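Nothing in this text is a laboratory measurement; each read-out follows from the coordinates by a stated rule. The shown structure was predicted, so the numbers you read here are calculated from the model rather than taken from an experiment. Reconstructed Cβ throughout: ideal geometry from the backbone, glycine too, with neighbour counts over all protein chains shown.
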Protein chains: 4
Amino acid sequence: MIRVGVLGATGYAGIELIRILSMHKNAKIMFASSQTYAGKKLAEVYKNLQNIVDLTCEEVDVEKVAKSCDVVFTALPHGASKQIVPALYEAGIKVIDLSGDFRYKDQAVYEAWYGQEHSAPALLKKSVYGLPELHRDEIANTSLVGNPGCYTTCSILGLAPLAKNQWIDMDSIIVDAKSGVSGGGRTTSLGFSYAETDETMKAYKVATHRHTSEIEQEIGLLAGQEVKLSFTPHLVPLKRGIFATIYAKLTADMDTKELVNAYKAFYKNEFFIRVHDEGSMPELKYVNGSNFVDIGLCVDKRLNRVVICSCLDNLIKGAAGQAVQNMSILFGLDEKTGLNMPGFYL
Amino acid sequence: MIRVGVLGATGYAGIELIRILSMHKNAKIMFASSQTYAGKKLAEVYKNLQNIVDLTCEEVDVEKVAKSCDVVFTALPHGASKQIVPALYEAGIKVIDLSGDFRYKDQAVYEAWYGQEHSAPALLKKSVYGLPELHRDEIANTSLVGNPGCYTTCSILGLAPLAKNQWIDMDSIIVDAKSGVSGGGRTTSLGFSYAETDETMKAYKVATHRHTSEIEQEIGLLAGQEVKLSFTPHLVPLKRGIFATIYAKLTADMDTKELVNAYKAFYKNEFFIRVHDEGSMPELKYVNGSNFVDIGLCVDKRLNRVVICSCLDNLIKGAAGQAVQNMSILFGLDEKTGLNMPGFYL
Amino acid sequence: MIRVGVLGATGYAGIELIRILSMHKNAKIMFASSQTYAGKKLAEVYKNLQNIVDLTCEEVDVEKVAKSCDVVFTALPHGASKQIVPALYEAGIKVIDLSGDFRYKDQAVYEAWYGQEHSAPALLKKSVYGLPELHRDEIANTSLVGNPGCYTTCSILGLAPLAKNQWIDMDSIIVDAKSGVSGGGRTTSLGFSYAETDETMKAYKVATHRHTSEIEQEIGLLAGQEVKLSFTPHLVPLKRGIFATIYAKLTADMDTKELVNAYKAFYKNEFFIRVHDEGSMPELKYVNGSNFVDIGLCVDKRLNRVVICSCLDNLIKGAAGQAVQNMSILFGLDEKTGLNMPGFYL
Amino acid sequence: MIRVGVLGATGYAGIELIRILSMHKNAKIMFASSQTYAGKKLAEVYKNLQNIVDLTCEEVDVEKVAKSCDVVFTALPHGASKQIVPALYEAGIKVIDLSGDFRYKDQAVYEAWYGQEHSAPALLKKSVYGLPELHRDEIANTSLVGNPGCYTTCSILGLAPLAKNQWIDMDSIIVDAKSGVSGGGRTTSLGFSYAETDETMKAYKVATHRHTSEIEQEIGLLAGQEVKLSFTPHLVPLKRGIFATIYAKLTADMDTKELVNAYKAFYKNEFFIRVHDEGSMPELKYVNGSNFVDIGLCVDKRLNRVVICSCLDNLIKGAAGQAVQNMSILFGLDEKTGLNMPGFYL
């Protein structure tokens, strides 16, 4: 039994971790922290957990975590993670960090896009970008995983086969991404209230969203060259889900069927990636509630442009599920463990 | 042209007043206050008003309001109204107050249910309960209208013919009411966030909601006796709308058709009350966007119980529309003026 | 390993059975029928099942089912079940029927409320009403379970302790129930389209809904007397969930705390019933995604009336989850098996 | 008073015409047809119209329309319009057609994208593309308007200043469009049911949607060259609204402020086009319920790419409102007549 700690357990990524781990046969939650609710039963804060989870929220306590846990998930806000992760790492336990703080190879890129100094730059060399489909072996050999977020996982996996094979004009990439509301976290801001969010939608942080740099890092690594691309996030009246529509100029001479086959070949060993057959396109209801990424694509011969649709559940494959998948890699379990469920559909 | 002021213009009732008045051919908004946004263009706070409304939010200024306006709508939080209304009233302008502060005949009832002293009890004797269908003549002769809220308008109008005719057991009344989210105002509280509100519902303030006392006051007046009843509010994932399902033991020997006809007769001069034919029941999409109240009913002969469904748009007939209807009464206009629009349906 | 068949696998109750059974460690789906999609892969009809479920929809084939399955779930429309269940029963396999056809003790009641003859009345004497919390021992000894639906499970469990103890006036019961849209099945009717359903709500079949008779049967059994009650269903813009607000005149002298304690005592051995502490009321987000029923209550001393809120996921505890719970009883498994998951919350 | 006919009055575009015209001070509806509901009161089919609209649905009757109306709106399905419009046109009344049948200059383009012959090609030479902001003068001089749809109005107006000035690489245009559900019409298809549509989204008809050709026609005319572009429609859980995110490679050396100013100048006489200031981006809640198009933009200097967000209410500026605007042009009224309302916001 893997002994697990969750820091930031009452945020939406944290509580999804608790929900998934409460059904996991090889993991046991030993410690859950919450700054806001310390001292309160977790099942009082989230009453869906009544009869299932019997844990009390605690203050963060590195020593206690180190003693009682084999691995800790840090589901803290960006910036807060890099304050606490070094101590956890020093204490010798494995850390899977869900913030942006340990996802970057290049400190300067982090600092430019996050507008703050990185207080633990040495750890950036130790940390591994926790996208199992691209970095499985490195993850297996690290103690610090920078777990990717929802927009980035969705975008990178949608683009990876094209980038790796350099079948597209690398200057032509556009990612138009649509997100559900839980992606913004458990927030009380007016812009996330029901009355201001239902039956409307908007784009936000156009041309300036931080996740752009993370997608560029990974697509650049795959392509073997520096890559710059457009990334436009939208807020849509959904509770869960990320849907990315990706465009690029195709340089290879391929039709839809050939490209679908190439994607299937690229992901042939990846249980959690489902490439749709020619003519089928993904919908959020296929993936929400699961750890799957569904990808469909179409080559528009008229324009020689490829359109890829990629989607996932932002709280699962885009956060907590991927973190659990990374835990399986760190501990040598089958990656399906605890994640072998279909989407809700309804 | 009636010169109008709106205090609390950036709350949801206030902004719906602005929206309705911006299309009103006999009214002109001279003054709009907002504590939060004073100094800002109203059309910057609510960008739907761009090109339509050219007003700047001001601080409350009684003297200025009194000089520039013939009537003022006070769409302030409960408690705040009774601080400001006396000065406006003294200044000699007509006041239509959308809070609960001037809806009560009996100061003691107000103080019991609101848990606070009433600082202007003398005005309770001057104010008239602004439900035109029941108090039209009194409204025409007052300068201070206590404009009823959404739950109460919906419940009282659904029950009025039964109460007036004493066709029911007055101890048997139950109002099960369902509300959209805008009824809670423009709030940032977590319980109104999209992620916590969509795809869920709940009852709240069971047996303790303030509006109980307001419904009891008016139904008691109609019945000529003290009335106590059950009122249960629910929060449902809707932006607009109140839907009340009302139950009572029928003492009269009537079937559905007879009772429908009695309701039609009771409301025969009321443009804004639409009593459905036997076999038809109201839906929110018929009334949302309009000043109508739709009422349907069914006599359950098996149990000798009547079930009434009553619904309205909480922001219009439940707030701003009713206030404009009251303005028409105060100034001798046709009550349809500015309110002669069908529901959105979509 | 229990070998399972699902007839009507592509309706919403059927597909929820498939989803739950696909994660069940002691059951294996051997047979799935679908009239509409016979010959098609189940994972082509519901693409959320890709990589998880590898089954092809078949035509109903009693012989094949009897040979390959230990138990069969019939998730067919009302009326269709009673055509096929007798043959399955004769063939000697256990049957859990999700329609209304085998829920009645009294053939005449069924025929009166369903407006059709019952073609297999002899089986009504063999079948057991599949509400484990009330009929566990009988279920364990039958081969034919009439699995209760969503409205009835929610209403009966909310009322059971009061009825059993006769703490209420049995003529005063009112159940005001709100349902999500999936309760109507996988239908293409206009009244269930998104444009006609979102941001609106309605009551339907007021005083005439079939489930009234089913609730009356069970509450009557508990109370030891004939019971007639009001049941009003509403359609609310939710995908999942039933929320029942129940009213009755209290004849016992109890306050909220005492009644809460009595409910907790009544359900003390029931894992899936969660009685909320005084002051807490259930919300759908606590139960949706789980097999739990959450119950909260309040004694309104002013009126001597009790208000009970009871809610559950219509597709799980109101259909597929309850059916799996019944399967566990039939085969001697722990009832939590395959159902030990918390609600989604998000 | 303009005498108006509406053919196809019970579809969503038709009923929105009825709703808008019912509040129009210079128009009177003389005739409303509905194939499905002929003989029924319009206010029985759409009960939101009770007390407001007193019309009975009729069968299409060209002679009667010609005699009783000055102008007729044909809100019929694509294909049906071209069967009936010629007779109406011959009869000498003005026709505003809301289908795709009379929007094309080039019969071959229509036939290629619609997969059917055009039975009235001569009329394509008479008809004018009814986008007032681009073709006001031609509209004033025609008797047959091909009223543009929602996707196209939103996309074309978002791109027009760039195309007209040739500030972009014409091969680089991508329109990623998101639509509410009412855009699909009043349909009973499963893919539009609430349970299958809420909390999910998808792309559809990728690279093959008919409206592509209509956008290409108009952008080509503005640019003075043939244009081919990517258009990807998505279905999003909204009742109303189109939101287009448009991408193009900028060839001009302009920053966001300069381009915003150029858009403002281009549309300076257009009441219904609201160009947002630098730093502000449109949201659907600003435009839904109104005839406005809101446009915001951002020049991404890092990539030399422009991102434009354009949105409108698909039933108003994308259908019925635009048709009424065209009617004003045909009859010399101020275009704001009947359309001078702000968005609902809530």
D (µm²/s, integer) via Stokes-Einstein for segment C:1-134, Kirkwood Rh across alpha-carbon pairs, 10 °C, 1.306 mPa s: value 103 µm²/s
Here the correct list, in nm and shortest first, of distances from D:ASN269 to the same site in the other copies, label points 7 Å along Cα→Cβ, is 5.3, 6.7, 8.5
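What pairs in A:LYS285/C:LYS82; A:LYS94/A:LYS285; B:LYS28/D:LYS239; A:LYS285/C:LYS285; B:LYS317/D:LYS285; B:LYS257/D:LYS64 have C-alpha atoms more than 27 Å from each other?
Values: A:LYS285/C:LYS82 33 Å; A:LYS94/A:LYS285 34 Å; B:LYS28/D:LYS239 32 Å; A:LYS285/C:LYS285 18 Å; B:LYS317/D:LYS285 21 Å; B:LYS257/D:LYS64 38 Å.
Where the Cα-Cα span goes over 27 Å, the pairs concerned are A:LYS285/C:LYS82; A:LYS94/A:LYS285; B:LYS28/D:LYS239; B:LYS257/D:LYS64.
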The protein assembly as shown, convex hull of Cα, quarter of hull surface, nm² -> 49.2 nm²
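May I ask you to derive the relative contact order of segment B:10-78, considering only C-alpha pairs under 8 Å and at least 6 residues apart, and to give it as an integer percent?
Numbers: 69 pairs, mean separation 21.7, N = 69.
The normalised contact order for segment B:10-78 reaches 32 percent.
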DSSP beta bridges in chain A: the antiparallel percent, rounded to 5, is 45 percent
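Mind checking Rg over Rh on segment C:248-342, alpha carbons, Kirkwood formula for Rh? Could the numbers behind the result be given before it?
On the way: Rg = 15.1 Å, Rh = 14.4 Å.
My calculation of the ratio gives 1.05.
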Low-density loop GluC sites (Glu not before Pro), segment B:107-198, at most 16 other Cβ within 10 Å, DSSP non-H/G/I/E/B, are B:GLU117
Relative contact order as a percentage, chain D, C-alpha pairs under 8 Å and 6+ apart, gives 17 percent
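What does the C-alpha gyration tensor say about the overall shape of segment A:1-74? Classify as rounded when a/c is under 1.5, otherwise prolate if a/b is larger than b/c, or oblate. Please report the intermediate quantities before stating the final value.
Working: a/c = 1.71, a/b = 1.11, b/c = 1.55.
Taking the square roots of the gyration eigenvalues as a ≥ b ≥ c, segment A:1-74 is oblate.
Under 4 °C and 1.567 mPa s, how fast does segment D:136-206 diffuse according to Stokes-Einstein, given a Kirkwood radius computed over C-alpha pairs? Answer in µm²/s, whole number. Could the numbers behind the result be given before it?
Details: Rh = 15.6 Å.
So the translational diffusion coefficient is about 83 µm²/s.
I need the Kirkwood Rh of segment C:166-253: take the reciprocal of the average 1/r across all distinct C-alpha pairs and report it in angstrom. Don't jump to the answer; show the numbers that get you there.
Numbers: mean 1/r = 0.0693 Å⁻¹.
It works out to 14.4 Å.
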For A:LYS264, the lysines lying under 17 Å Cα to Cα, once residues fewer than eight places off in the same chain are dropped, come out as A:LYS164, C:LYS47
All alpha-carbon distances of segment C:73-136, grouped into 5 Å bins from 0, give the whole-percent distribution 3, 18, 30, 28, 15, 5, 0
Taking a ≥ b ≥ c as the square roots of the Cα gyration tensor eigenvalues, with a/c under 1.5 meaning rounded and otherwise prolate when a/b beats b/c or oblate if not, segment C:37-80 comes out prolate
In whole percent, the Cα-Cα distances of chain A spread across 20 Å bins from 0 upward as 31, 59, 9, 0
Working note, segment C:61-202: Cα radius of gyration (Å, one decimal) and Dmax (Å, whole number) are 17.5, 51
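Mean residue ellipticity at 222 nm from the helices of chain B, using -39,500 (n - 2.57) per DSSP H segment of n ≥ 4 over the full residue count, to the nearest 500 deg cm²/dmol? Walk me through the intermediate numbers first.
Details: 13 runs with 113 residues, N = 346.
Computed ellipticity for chain B at 222 nm equals -9000 deg cm²/dmol.
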Relative contact order in percent for segment B:188-346 (Cα pairs under 8 Å, 6+ apart) equals 21 percent
Dipole check, segment A:44-92, charges on Cβ (K,R +1; D,E -1), about Cα centroid: among A:SER81, A:THR56, A:TYR46 the Cα furthest to the positive pole belongs to A:SER81
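Show me D:296-302, C:197-203, B:308-314, B:1-7 ranked by packing, highest mean number of other Cβ atoms within 10 Å first. Don't skip to the answer; put the middle values down first.
On the way: D:296-302: 20.0, C:197-203: 24.4, B:308-314: 30.3, B:1-7: 22.9.
Most protected by this proxy first, the peptides run B:308-314, C:197-203, B:1-7, D:296-302.
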Taking every residue of D:49-58, the Cβ atoms of other protein chains inside 10 Å of its Cβ average out to 3
In whole angstrom, the spacing between the Cα centers of segment C:93-123 and segment C:24-78 equals 24 Å
Inter-chain shielding metric for A:259-269, i.e. average beta-carbon neighbours from other chains within 10 angstrom, reads 0
Taking R0 as 56 Å and r as the Cβ-Cβ distance between B:ALA87 and D:ASP255, the FRET efficiency 1/(1 + (r/R0)^6), rounded to the nearest 0.05, comes to 0.65
Using alpha carbon positions and the Kirkwood radius, the Rg to Rh ratio of segment A:198-299 is 0.97
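Determine the shielding of peptide C:201-210 by partner chains: average, over its residues, the number of Cβ atoms on other chains within 10 angstrom of each Cβ. Please report the intermediate quantities before stating the final value.
Values: counts 12, 10, 11, 3, 2, 10, 10, 3, 0, 0.
If you average over the peptide's residues, the count of other-chain Cβ atoms is 6.
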